[in-house]
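Since every read-out is calculated from the coordinates, none of them should be taken as a lab result. Note that the coordinates shown come from a computational prediction; the quantities given were computed from them, not determined experimentally. Backbone-built Cβ (ideal geometry, glycine too); neighbour counts: all protein chains shown.
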Amino acid sequence: MRILFAMNPKAGRGATLKKLPRLEKMLQNKEMDYEIRWTKGPGDATIFTKDMRDDYDLVTVFGGDGTMNEVLNGLVGGNTPMAVIPIGTGNDFVRSANLPMKLETSLENILNGKPRKIDLGLYNGERYFVNVVGIGFDAFANIQSRKIKKLKGTAVYVVAIFKTLRQWSSIPMKIALDDHTIDDHSYLTCIANGWSVGGGLSLAPDARLEDGFFDICHVSDISSMKIVWNFPKLMNGKINDMEEVTILRSRKVKVTSEEPLPMHLDGEIIEGENKVFEVEIIPGGFTIWDGGMGPA
């Protein structure tokens, strides 16, 4: 098996460079045929993955959700599957896909894995994603998380959420689904293919990568204090117990707003005057590599 490793030197706030020597030692012990390619800037992983994918049996992401999203956009349309060794801050796709979190187990997953089809999302007809699209509060918190330098993992997102509570308020938006429309003030709209966001928090606890549907979490006008009081429900999958929360399923979603809204796609902030968001699901549209070893 020939493997291309796509590595982001900035992933996990420098964790990639720290863990690389251990990975290379493990690869040498396994006598694997591999090549390492470093990302040099935004979008770079998509370009070189698309150019090189046909020369390899597997492309492995050694990085976070952002690098993963760039790689998958380079792989769509080809036949080469994607594996992930999570080194990012949130690693939400790996959580949603129930893939291993640790370096050693991830490598064993690659050695013993097989192709697994999952659903693929398409945003505005031009960019693909596999985990979530967040609009509003979720995306603004993601922006805030990038300003936090001294923490790691889920703690980064928790602090970012509490910072965002002081600055964010609900905004009128229209959410059109397959057979339902929400026309209301929205504090947050999350279009989920997978369940995990923000380093293991859950806005759509029942979302599954292989069911052919998005789970759409809409949070209407809500007070900051009520969010704080109910924060544990983001961790235990009980967020839909709140009266302000509606979770619906749909194959297509169109969100429109009169004013630009912050948004993220698989954890990556999409810059620009974002007022129209159209997504559709492609059932079984992407192939990942899974050894069935779970999140250990």
- Using the scaling law 2.2 N^0.38 Å as the reference, what is the normalised Cα Rg of the range 46-164? 1.13
- Task: Could you sort 193-204, 260-271, 112-123 so that the peptide with the highest average Cβ count within 10 Å comes first and the rest follow in order?
- Result: 193-204, 260-271, 112-123
- Query: Per residue of the chain, what 222 nm ellipticity follows from adding -39500 (n - 2.57) for every DSSP H run with n ≥ 4, rounded to the nearest 500?
  - Reply: -7500 deg cm²/dmol
- Message: Counting other beta carbons within 10 Å of each residue's own, what order do Ile282, Ile216 fall into, fewest first?
- Response: Ile282, Ile216
- State the extension gain, in nm to one decimal, for the chain segment bounded by Met225 and Met101, taking 0.36 nm per residue of separation less the distance between their alpha-carbons. 41.3 nm
- Charge dipole (the range 132-283, unit charges on Cβ, about Cα centre) - positive-most of Ala141, Val158, Ser170: Val158
- The exposure ranking of Thr105, Thr16, fewest beta-carbon neighbours within 10 Å first, is Thr105, Thr16
- Isotropic mean projected area of the C-alpha convex hull, the range 2-112 (nm²): 6.2
- Query: What's the local net charge at Asp215, with K and R +1, D and E -1, over the other residues with C-beta under 12 Å away?
  - Reply: 0
- Cα-only Debye scattering, the range 132-283: base-10 log of I(q)/I(0) at q = 0.12, 0.18 Å⁻¹: -0.45, -1.08
- Message: With 10 angstrom as the radius, rank Arg127, Arg95 by how many other C-beta atoms surround their C-beta, starting from the fewest.
- Response: Arg127, Arg95
- Message: Please give the charge dipole size of the chain, origin at the Cα centre, charges +1 on K and R Cβ atoms and -1 on D and E Cβ atoms. Round to the nearest 20 debye.
- Response: 1300
- Take the cross-link list Lys114/Lys152; Lys149/Lys238; Lys163/Lys226; Lys10/Lys114; Lys10/Lys152 and give me the ones stretching past 20 Å between alpha-carbons. Lys114/Lys152; Lys149/Lys238; Lys10/Lys114
- Would you calculate the separation in nanometres between label points at Leu20 and Glu271, each defined as 7 Å from the Cα along the Cα-to-beta-carbon direction? 2.5
- Helical segments meeting 27 Å axial Cα length and Kyte-Doolittle -0.5 threshold in the chain (DSSP H): none
- Tell me the label-point distance for the pair Lys254, Asp33, using the 7 Å Cα-to-Cβ offset, in nm and rounded to one decimal. 4.9
- Report, ordered by chain and residue number, the lysines lying within cross-link reach of Lys174, taken as a straight Cα distance under 23 Å and ignoring same-chain residues fewer than 8 apart. Lys252, Lys254, Lys275
